[in-house]
Amino acid sequence: MSLGQPDFDLRDRSVMITGANRGLGAALCKTILQYSPKIIHAGYRSKAGASEDPRIRWCRLDILQSESITRAAASIGPIDLLINNAGVLSPTAADPAQETVNLRNMMDAHLFAPLKIINAFLPALKASPQPTVVNVVSMAAFANVPGADAYCISKTALHAATQGLRHKHPWMRCVGVYPGPTATDMTAGSNAVLADPMKSAANIVTGIFEGRASIFPDKAALAVESVVGDAVATLEQQFATLLSD
Ligand SMILES: NC(=O)c1ccc[n+]([C@@H]2O[C@H](COP(=O)([O-])OP(=O)(O)OC[C@H]3O[C@@H](n4cnc5c(N)ncnc54)[C@H](OP(=O)(O)O)[C@@H]3O)[C@@H](O)[C@H]2O)c1
């Protein structure tokens with residue numbers, strides 16, 4: 001599904017990325033720098049990343065702290081592109097009480113935080129000629145991965161929220177990114193075949209340029225897209241009119 005406006009241009013644009021100090025967020029920063037942005041507000045929780053490029057402005061933003069979100073949004077001027085990237089993965093806990101805690105934490109990080117951040121940055125996005133929000137979801141939004149149950153639930157919620165945002169804010173492009181296993185700290189010790197984060201970041205940026213609503217940025221993700229991609233896009237369009245019929 002395309003969101004139109006495939007000529008999205010990063011030149012002279014202002015970008016905000018959460019969790020930009022390492023992993024996929026750092027790869028997205030490096031990739032976006034190749035397209036001459038005006039500034040990248042690079043979010044970090046406690047330790048800024050390594051880049052000293054003058055177009056990177058490190059910005060403290062703990063996505064789990066409401067005051068931190070409010071402060072960051074108040075200190076940053078207009079932006080064109082907001083990327084909700086920060087995330088965590090706690091493996092399924094054997095102890096049900098611990099698993100409930102894990103689920104709460106990941107729902108906070110992957111659902112409530114992105115929604116709060118989007119709301120806080122709406123005024124900053126409204127001035128843009130091509131306001132765009134990108135939520136980094138996961139291919140695990142489409143089926144449970146044993147051992148990562150709470151993570152999958154939280155990413156499924158973010159996927160549904162991303163679809164909802166498209167209808168709630170038709171003036172803004174809302175994009176879901178659905179990576180497969182990728183070589184970052186999050187997958188340390190994994191036996192899965194891992195995608196290269198720089199290649200995934202390049203594919204994500206290309207997908208944004210192409211006006212895609214959903215971006216599957218690596219081989220494993222593309223295999224998922226071949227199973228669910230058209231069906232999910234078709235259902236989203238069909239359900240959009242369900243309650244108004
Ligand atoms: N790697 C994969 O296989 C994979 C697959 C699908 C989707 N994803 C998604 O891709 C996104 C990036 O993950 P990654 O693979 O790059 O993981 P990563 O290397 O573990 O990096 C996670 C990033 O999120 C930040 N973060 C976590 N909690 C935060 C908080 N409360 N406030 C601010 N920043 C916070 C981390 O900051 P700190 O340095 O402060 O911890 C770090 O910058 C996540 O949403 C993840 O779910 C990853």
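Quick one: Debye curve from the C-alpha atoms of the range 30-154, no solvent, what's log10 I(q)/I(0) at q = 0.11, 0.19, 0.20 Å⁻¹? Normalising to I(0) and taking log10 leaves -0.44, -1.10, -1.16. Farthest toward the positive end of the dipole of the chain, out of LEU24, VAL193, PRO179, is the Cα of LEU24, where the dipole comes from beta carbon charges about the Cα centre. Between GLN98 and ASP9, the simple spin-label model (points 7 angstrom out along Cα→Cβ) gives 5.4 nm. Take the Cα of ALA233, go 7 Å toward its beta carbon, and the backbone nitrogen atoms of the range 6-25 under 18 Å from that spot belong to 6-8. Computed from the Cβ-Cβ distance with R0 of 30 Å, the FRET efficiency linking SER244 to GLN65 stands at 0.20. From the helices alone, meaning DSSP H stretches of at least four residues, give me the mean residue ellipticity at 222 nm for the chain, per-run term -39500 (n - 2.57), in deg cm²/dmol to the nearest 500. That comes out to -12000 deg cm²/dmol. Taking every alpha-carbon pair under 8 Å whose residues sit at least 6 apart, the chain reaches a relative contact order of 21 percent.
Taking 0.36 nm per residue of sequence separation and removing the Cα-Cα distance, the LEU115/SER90 pair yields an extension gain of 6.9 nm. Remark: spin-label model distance LYS199-LEU33 equals 2.2 nm, labels positioned 7 Å along the Cα→Cβ axis.
Return the ratio Rg/(2.2 N^0.38 Å) for the range 27-102, where Rg is computed over Cα atoms only. Write out the running numbers ahead of the final one.
Values: Rg = 15.7 Å, N = 76, 2.2 N^0.38 = 11.4 Å.
Ratio of Rg to 2.2 N^0.38 Å for the range 27-102: 1.38.
Across every pair of non-identical alpha carbons in the chain, the mean reciprocal distance, once inverted, gives a Kirkwood radius of 18.1 Å. Amide hydrogen proximity for ARG45: with H placed 1.01 Å from N in the peptide plane, the residues at 5 or more positions away or on another chain lying under 5 Å are LEU61.
What GluC sites (Glu not before Pro) does the range 158-245 have in DSSP loop regions with at most 15 other beta carbons within 10 Å?
On the way: sites: GLU210, GLU225, GLU236; in loops: GLU210.
Qualifying residues, ordered by number: GLU210.
For LYS38, the residues 5 or more places off, or on other chains, whose built amide H falls under 5 Å of its own are ASP12, ARG13, SER14.
Whole-Hz Karplus ³J(HN,Hα) for the range 97-106, in order, using 6.51 cos²θ - 1.76 cosθ + 1.60 and θ = phi - 60°, x for Gly and Pro? The phi angles translate into 5, 5, 5, 5, 4, 4, 4, 4, 4, 6 Hz. When the C-alpha to C-alpha distance is required to be over 28 Å, the pairs from LYS168/LYS199; LYS30/LYS155; LYS38/LYS199; LYS155/LYS219; LYS38/LYS116 that qualify are LYS168/LYS199.
Values in this text are rule-based calculations from the coordinates and carry no lab data. Bear in mind the structure is a predicted one, so any value in this text is a computation, not a measurement. FYI the Cβ positions are ideal-geometry reconstructions off the backbone, even for glycines, and counts take in every protein chain you see.
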